[in-house]
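Below is one structure; the comments refer to it alone.
The values are calculated or read from the model by the stated rules, or taken from the named source; none is laboratory data. Just so we're clear, the structure is a prediction, and the values are computed from it rather than from any experiment. Cβ: placed from backbone, ideal geometry, glycine included. Neighbour counts: every protein chain shown. For the accessible areas, the whole protein counts, side chains as well, though only heavy atoms, and no ligand, DNA or RNA atoms are used. Shrake-Rupley method; radii C 1.70, N 1.55, O 1.52, S 1.80 Å.
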Amino acid sequence: MTTDLFAALREGLPAHTLVTDADIAASYARDMAGLCAAGRPAVVVLAETTEQVQHVMRVATRLRVPVVPQGARTGLSGGANAMDGCIVLSLIRMNRILHIDPIDRTAVVEPGVVNADLSKATAAHGLVYPPDPSSWETCTIGGNIGTGAGGLCCVKYGVTAEYVLGLEVVLADGQLLRTGRRTAKGVAGYDLTRLFVGAEGTLGVVTRATLALRPTPPPALVTVAQFASTATAARAVSAIMAAGHTPSLMELMDGTTVRAVNAMANMGLPAETAALLLIAVDTPAPAAELAAIEAICTEAGAFEAFTAEDAADSALFMQARRLALPALERLGTSMIDDVAVPRSRLGDMLEGVAAIAERFDTMIGMCAHAGDGNTHPIVIFDATDQAAAERAEAAFDAIMQLGLDLGGTITGEHGVGVLKREWLAKELGPVGVQVHLSVKAAFDPLGILNPGKVV
Ligand SMILES: Cc1cc2nc3c(=O)[nH]c(=O)nc-3n(C[C@H](O)[C@H](O)[C@H](O)COP(=O)(O)OP(=O)(O)OC[C@H]3O[C@@H](n4cnc5c(N)ncnc54)[C@H](O)[C@@H]3O)c2cc1C
């Protein structure tokens, strides 16, 4: 079987795009969701053109071999994990920015473009691609589309789905589908573009994307507020939004996270804090709005609130926030959750997570895109201690149940992958699951596209 597969792939692919060495292929087995199952790929294809992707899908259809599309493998749900005998289809070499149009405010890119590289390229035109996951210096646009990624600035600028105007997608049988548009408006037909955003490679392989850009805003200034509890910090978040402000970023780190970031990068964050809020405003003259926000934080219970002196200082605070996940991962084995609740229920979510940590006697570090109600409780444990591992898993599940009970979702931005597959049914309900399965069958009748993920 493997010999047939290699021979069929070689008919349409140059030798340098194929990784057939079993050990090297195995190094492409998983993304960054540590505890998710992963198998051994039969082969890795490092595709360089859409035609090569089409060839891979035709071969996969003919031989009934599963295909796992991959970007930079920074995913946190096992969505890019291989299964035994599959073709890993890596898109990282398709990394050209094909066109930036300052009049239409669009960019046309291949899927392997790294998020931060796109921002650097658009900056020269006074434009920005706003969705900015914390992993922006490594993750790819294809992966961002696959997961429907969010990031730090979503509270004002929204998520990936709002910036994908059109796609070129290779379907399971190798046909090429073009969806969407490059116009500012357009409602012709079903919104197939949106269907592929967040589909985690289960419906087709994205080979090109037309993305909306925005004028580059002025550099943001950040207000930092310290609280004696996460509950009071959540109260400040609600009050800021209720007062009509729309910050460009509103992030929360609890005391555990702050101390972990200090330990990793010596950032000089206030170590005695129980909760730190970072609130950015990127309007041309932000001082008055930040002063009002500072006052709201103080009224909500902040024991200290101050605004960074300049954009450079502000950027340092944002950099500290971007380090939260890697810093917490150094404390032990970690499981990162991604539960989003309506912003109005953020306080209940944070209190509930603290109670879960106590109930299961496990450490949970908290960082959150607070302005979106998108929490990342990170359960940290000693994997060599069986009982601790079981308690950590139970805590992880309890966090998702809490999110659903509060009217939220089991994943705000990381996706379902293999990590949350069992939980998806709880969120969707039987009719929702049935419609999902019908959509999957319409695009992938043989079930070869990233099987075992999402539904
Ligand atoms: C330190 C750190 C911080 C993070 N911060 C954030 C954050 O703030 N916000 C956030 O949303 N995520 C965050 N993430 C998670 C991760 O970076 C995102 O999910 C990102 O979108 C994944 O991109 P990738 O290129 O690594 O994709 P991969 O992990 O390789 O793939 C992700 C999914 O997309 C599919 N896929 C990849 N390419 C294609 C394609 N061309 N066509 C179809 N499907 C495809 C894969 O099959 C998989 O299901 C973070 C991760 C880390 C490690």
Pairs only if they're at least six apart or on different chains, beta carbon under 7 angstrom, first in segment 166-186 and without any contact (Cβ under 8 Å) to a residue 60 or more places away in the chain and closer than 18 Å to Asp101 by Cα, second assigned to a loop (DSSP other than H, G, I, E, B) and among the charged types (D, E, K, R); list them, first residue then second.
Gly166/Arg181; Gly166/Arg182
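Conditions tested, residue by residue: (1) at pLDDT 95 or above; (2) in a strand (DSSP E or B); (3) in contact with a Gly (Cβ under 7 Å, 6 or more places away or on another chain); (4) under 22 Å from Glu289 (Cα atoms).
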| site | (1), (2), (3), (4) |
| --- | --- |
| Val169 | yes, yes, yes, no |
| Thr179 | yes, yes, yes, no |
| Lys185 | no, no, no, no |
| Arg208 | yes, yes, no, no |
| Pro217 | yes, no, no, yes |
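Being within 22 Å of the chain's Cα centre (by Cα) and more than 11 Å from the ligand (Cβ to nearest atom) is the filter here; which residues of segment 84-94 pass it?
Once the filter is applied, which keeps residues that are within 22 Å of the chain's Cα centre (by Cα) and more than 11 Å from the ligand (Cβ to nearest atom), segment 84-94 yields only Arg93.
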State which residue is surrounded by the most Cβ atoms within 10 Å (Cβ to Cβ) when the search covers only segment 183-198 and only residues that are farther than 14 Å from Ile141 by Cα and of a type in the set (Gly, Ala, Ser).
Gly186
Out of (1) in contact with a strand residue (DSSP E or B) (Cβ under 6 Å, 6 or more places away or on another chain); (2) open to solvent by 50 Å² or more (accessible area, probe 1.4 Å); (3) among the small types (Gly, Ala, Ser); (4) more than 21 Å from Ala33 (Cα to Cα), the one Gly408 does not meet is (2)
Residue that is nearest to the ligand (Cβ to nearest atom), among those in segment 151-167 that are at pLDDT 95 or above and in a loop (DSSP other than H, G, I, E, B):
Val159
Starting from residues that are assigned to a helix (DSSP H, G or I) and surrounded by fewer than 21 Cβ atoms within 10 Å (Cβ to Cβ), keep the ones in segment 233-255 and report whichever is nearest to the ligand (Cβ to nearest atom).
Met241
Condition test on Arg259, is it among the basic types (Lys, Arg), in a helix (DSSP H, G or I) and under 21 Å from Cys153 (Cβ atoms)?
no
Need pairs with beta-carbon distance below 8 Å; first residue of a type outside the set (A, V, I, L, M, F, W, C) and within segment 13-38, second open to solvent by 50 Å² or more (accessible area, probe 1.4 Å) and not in a loop (DSSP other than H, G, I, E, B); sequence gap 6+ or separate chains.
none
How many residues of segment 307-341 are outside any helix (DSSP H, G or I), over 30 Å from Asp385 (Cβ atoms) and either charged (D, E, K, R) or open to solvent by 50 Å² or more (accessible area, probe 1.4 Å) (or both)? The answer is 2
Note on segment 97-131: residues in contact with a helix residue (DSSP H, G or I) (Cβ under 7 Å, 6 or more places away or on another chain) and part of a loop (DSSP other than H, G, I, E, B) are Pro111, Gly112, Val113, Tyr129, Pro130, Pro131
Over segment 421-451, the set of residues over 24 Å from Gly408 (Cα atoms) and either open to solvent by 30 Å² or more (accessible area, probe 1.4 Å) or assigned to a helix (DSSP H, G or I) (or both) is Ser438, Lys440, Ala441, Ala442, Phe443, Pro445, Leu446, Gly447, Pro451
Return yes or no: is Asp361 in a helix (DSSP H, G or I), over 16 Å from Glu251 (Cα atoms) and not aromatic (Phe, Trp, Tyr)?
no
Per-region count, segment 72-110, residues open to solvent by less than 10 Å² (accessible area, probe 1.4 Å), among the β-branched types (Val, Ile, Thr) and farther than 19 Å from Pro133 by Cα:
3
Look at Thr384 and say whether it is in a loop (DSSP other than H, G, I, E, B), hydroxyl-bearing (Ser, Thr, Tyr) and either out of contact with any His (no Cβ under 8 Å at 6 or more places or on another chain) or open to solvent by less than 60 Å² (accessible area, probe 1.4 Å) (or both).
yes
Looking only at segment 66-79, decide whether some residue is at pLDDT 95 or above, under 28 Å from Val416 (Cα atoms) and more than 11 Å from the ligand (Cβ to nearest atom).
yes
Determine the pairs where a residue that is on the phi < 0 side of the Ramachandran plot, located within segment 232-249, has a partner that is surrounded by fewer than 17 Cβ atoms within 10 Å (Cβ to Cβ) and assigned to a helix (DSSP H, G or I) with Cβ atoms under 8 Å apart, the partner being 6 or more residues away or on another chain.
Ser238/Ser344; Ala239/Glu299; Ala243/Ala292; His245/Ala292
